[in-house]
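Written below as structure tokens is the structure these notes are about.
The values are calculated or read from the model by the stated rules, or taken from the named source; none is laboratory data. Because the structure is predicted, anything quoted here is derived from the model rather than measured. Quick reminder, even Gly has a Cβ in these numbers, built from the backbone with ideal geometry, and neighbours come from all protein chains shown. What goes into the accessible areas is simple: the full protein's heavy atoms, side chains included, and nothing from ligands, DNA or RNA. Shrake-Rupley method; radii C 1.70, N 1.55, O 1.52, S 1.80 Å.
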Amino acid sequence: MFIKTVENIFFRFKFFILLGFAAFTVFSAYYAAQLRMEAGFGKQLPSGHEYINTFYEYEDELFGANRILIVLQNTEGDIWNQDSLQRLQELTEEIFFLPGVDRPTVRSIWTPNTRFLEITEEGIRADDVIPGDVTPTDITPDQIREIENRTIRGGHVGRLVSTDSTSAMVVADLIEFDPRTGEKLDYFELADQLESQIREKFEDEQFTIHIVGFAKLVGDIADGARSVIVFFALAFFLTALAVYVYSQSLLLTITPLFCSLVSLIWQFGILKILGYGLDPLAILVPFLVFAIGVSHGVQQINLITKKIEEGESTENAARASFSGLLIPGSMALVTDLVGFGTLYFIPITMIQELAVTASIGVALKILTNLIMLPLVVSYFKVDAGYVARVQKARGVRMKAMKVLGYTALKPVSVIIVLIGAGLFAFSFVQSQGRHIGDLHAGAPELRPDARYNIDSAVVSDKFSVGLNLLTVVMETPKDACIKYDYMNYVDQFSWHMSNVPGVVSVASLPVVAKEINAGWNEGNPKWQALP
């Protein structure tokens, strides 16, 4: 009785309801057109975790979590020549002015924060790897040899210069928010500039540029995400074809697709109003929700065509579909809504935004596919031959279902159950060796042959620095840096970590202190210990 009352109310005022839906569609389309893809380094981090809290607490003092590495590789020899060093100097200067770059953190052998320390007969000598009075246009062979020696003595081989001396690296940390304006860094703009102002400008037949870092990774993911539109168009066409074969009506084919597209516009508009963007890693979610809406729309079309086949008018068929599927359809969508909503409890901003995006989309399907669709269909008129076409198509489907029904007979069903049991046993055995984590080197979000993964492999192969940096903070009492017990503890930890598989190098205050202690004693390795 309640459903009948709701049906009468909606169909009595269907013109005004559809008019309201149309007005909201125009309103949402205005905001949906302003929706943009957004990415952020902090969105990938689990909020509330003690490690992440430590990261934010010391974010201004410690660097390296969000950085870009740009490598200049000479494909025709080493970098110890004027052309290579001049290009490296120009590359370093270009990186200084990229958006989001924290300029004091930019490092290459050309920057003044790259120094060398050596022990001589006269004492300890420290200086820039490349002195300030050296210019790349007037650099001499003797100066180049001296720069090479300083790079080696300063321990920069494997860090800023590759182990085979064919490549040099520029390192820069990024600031997510501009400290002056408070504006968020546009990672996609930065990724585009890394291509246009860095790779295209400095790469040619002799030199190759390799770029790695979160900013470049998310830019490449976004470029791939834009191609989703092509796959969506293909999926849309195949879906429309399947619905037409099923419904035998162009109008009944367009209607569920149209209603699902309307909900997509509403979804994008609401996301913009709420201040959300689309993360490139979650770009598929709206189209997944679109597919859910189409499936519910096809259920409506199925019931409507069945009623029309029985001789009902489109008005009565739409009413029957509305009453018959409103409750079960709503319950099914609410189940999907709860499933997506539970993702919000994962304390990672990107996952929470995904949950909000999916939940809004699923909730809107109740309005567009369970209410709007039958109201729109009630205005349709079918031609005289439509019933015959529907009956013919249904007859073909029934024959196919009859053949499929033979699988329920006992001999066939037993074989199917045995095959299923065998597949289950096989799957269970295979699941015991299931790998947890990344299967391949580089970024698993991209194909193995993607440029980013190729660049990552080159950096890992030619340099003794890892692409992942682990920073450990030790909180101590005041002046602990000059107290043996505390520094010895850190030294033991540094030694332990340096022997962990996968750790390339370790840097800490005691490690430097031991080198300095040896330096004060003529570089004798016996003195390379904590005093």
Hey, any hits in segment 462-475 for a residue that's in a helix (DSSP H, G or I) and either of a type outside the set (Lys, Arg) or within 19 Å of residue 65 (Cα to Cα) (or both)?
no
Candidate set from segment 361-396 (those that are surrounded by fewer than 19 Cβ atoms within 10 Å (Cβ to Cβ) and farther than 17 Å from residue 307 by Cα); member that is farthest from the chain's Cα centre (by Cα):
396
Restricting to segment 236-282, name every residue that is at positive phi and touching a residue at least 24 places away in the same chain (Cβ under 8 Å).
248
Consider residue 425 carefully, then state whether it is open to solvent by less than 80 Å² (accessible area, probe 1.4 Å) and either modelled with pLDDT of 75 or more or among the small types (Gly, Ala, Ser) (or both).
yes
Among the residues of segment 182-191, is there at least one that is over 30 Å from residue 87 (Cβ atoms), basic (Lys, Arg), surrounded by 14 or more Cβ atoms within 10 Å (Cβ to Cβ) and in contact (Cβ under 8 Å) with a residue 60 or more places away in the chain?
yes
I need a count of the residues in segment 30-71 that are open to solvent by 60 Å² or more (accessible area, probe 1.4 Å), in a loop (DSSP other than H, G, I, E, B) and aromatic (Phe, Trp, Tyr).
1
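Does residue 151 satisfy the condition of being assigned to a loop (DSSP other than H, G, I, E, B) and either modelled with pLDDT under 90 or more than 15 Å from residue 70 (Cα to Cα) (or both)? Before you say what the answer is, go through the steps one by one.
On the way: assigned to a loop (DSSP other than H, G, I, E, B): no; either modelled with pLDDT under 90 or more than 15 Å from residue 70 (Cα to Cα) (or both): yes.
Criteria not met by residue 151.
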Only residues that are of a type in the set (S, T, N, Q) and without any contact (Cβ under 8 Å) to a residue 24 or more places away in the chain: list them for segment 59-118, please.
111, 113
Given the conditions (1) under 30 Å from residue 397 (Cα atoms); (2) modelled with pLDDT under 85, and given that residue 177 satisfies all but one, which numbered condition is not satisfied?
(1)
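Quick check: is even one residue across segment 225-237 at pLDDT 85 or above and farther than 22 Å from residue 455 by Cα? Write out each step before concluding.
Step one: filter segment 225-237 for residues at pLDDT 85 or above, giving 237.
Retained after the next criterion (residues that are farther than 22 Å from residue 455 by Cα): 237.
Yes, the conditions are met somewhere in segment 225-237.
Within segment 442-457, how many residues turn out to be among the hydroxyl-bearing types (Ser, Thr, Tyr) and touching a Phe, Trp or Tyr at 6+ places or on another chain (Cβ under 8 Å)? Write out each step before concluding.
Kept after step one, since they are among the hydroxyl-bearing types (Ser, Thr, Tyr), are these residues of segment 442-457: 452, 456.
So of that shortlist, the ones also touching a Phe, Trp or Tyr at 6+ places or on another chain (Cβ under 8 Å) come out as none.
Counting residues in segment 442-457 that are among the hydroxyl-bearing types (Ser, Thr, Tyr) and touching a Phe, Trp or Tyr at 6+ places or on another chain (Cβ under 8 Å) gives 0.
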Search result, residues across segment 310-360 that are under 17 Å from the mean Cα position of the chain (by Cα) and surrounded by fewer than 16 Cβ atoms within 10 Å (Cβ to Cβ)
346, 347
When the residues of segment 493-508 are filtered to those that are assigned to a helix (DSSP H, G or I) and open to solvent by 90 Å² or more (accessible area, probe 1.4 Å), which remaining residue is nearest to residue 155 (Cα to Cα)?
495
Taking segment 73-127 and keeping only residues that are at pLDDT below 85 and of a type in the set (Gly, Ala, Ser), one is left with 123, 126
Identify the residue in segment 295-307 that is hydrophobic (A, V, I, L, M, F, W, C) and touching a Leu at 6+ places or on another chain (Cβ under 9 Å) and, among all such residues, is most open to solvent (accessible area, probe 1.4 Å).
303
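Can you give me the number of residues within segment 212-235 that are farther than 30 Å from residue 194 by Cβ and either buried (at least 18 other Cβ atoms within 10 Å of the Cβ) or in contact (Cβ under 8 Å) with a residue 40 or more places away in the chain (or both)?
Total satisfying the criteria: 1.
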When you check residue 293 against the structure, is it over 24 Å from residue 385 (Cα atoms), free of Cβ contacts under 8 Å to residues at least 40 places away in the same chain and of a type in the set (Gly, Ala, Ser), yes or no?
no
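Here are 512, 490: which of them is closer than 28 Å to residue 56 by Cα, of a type in the set (A, V, I, L, M), assigned to a helix (DSSP H, G or I) and open to solvent by 50 Å² or more (accessible area, probe 1.4 Å)?
Numbers: 490 fails: open to solvent by 50 Å² or more (accessible area, probe 1.4 Å).
The conditions single out 512.
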Taking first residues from segment 136-158 that are on the phi > 0 side of the Ramachandran plot and of a type in the set (Asp, Glu) and second residues anywhere that are surrounded by fewer than 15 Cβ atoms within 10 Å (Cβ to Cβ) and not in a helix (DSSP H, G or I), the pairs with Cβ under 6 Å that are 6 or more apart or on different chains are none
Tell me the residue from 120, 75, 111, 92 that is on the phi < 0 side of the Ramachandran plot, open to solvent by 70 Å² or more (accessible area, probe 1.4 Å) and among the polar types (S, T, N, Q), please.
75
Name the residue, out of 475, 445, that is in contact with a Gly (Cβ under 9 Å, 6 or more places away or on another chain) and either under 19 Å from residue 504 (Cα atoms) or open to solvent by 80 Å² or more (accessible area, probe 1.4 Å) (or both).
445
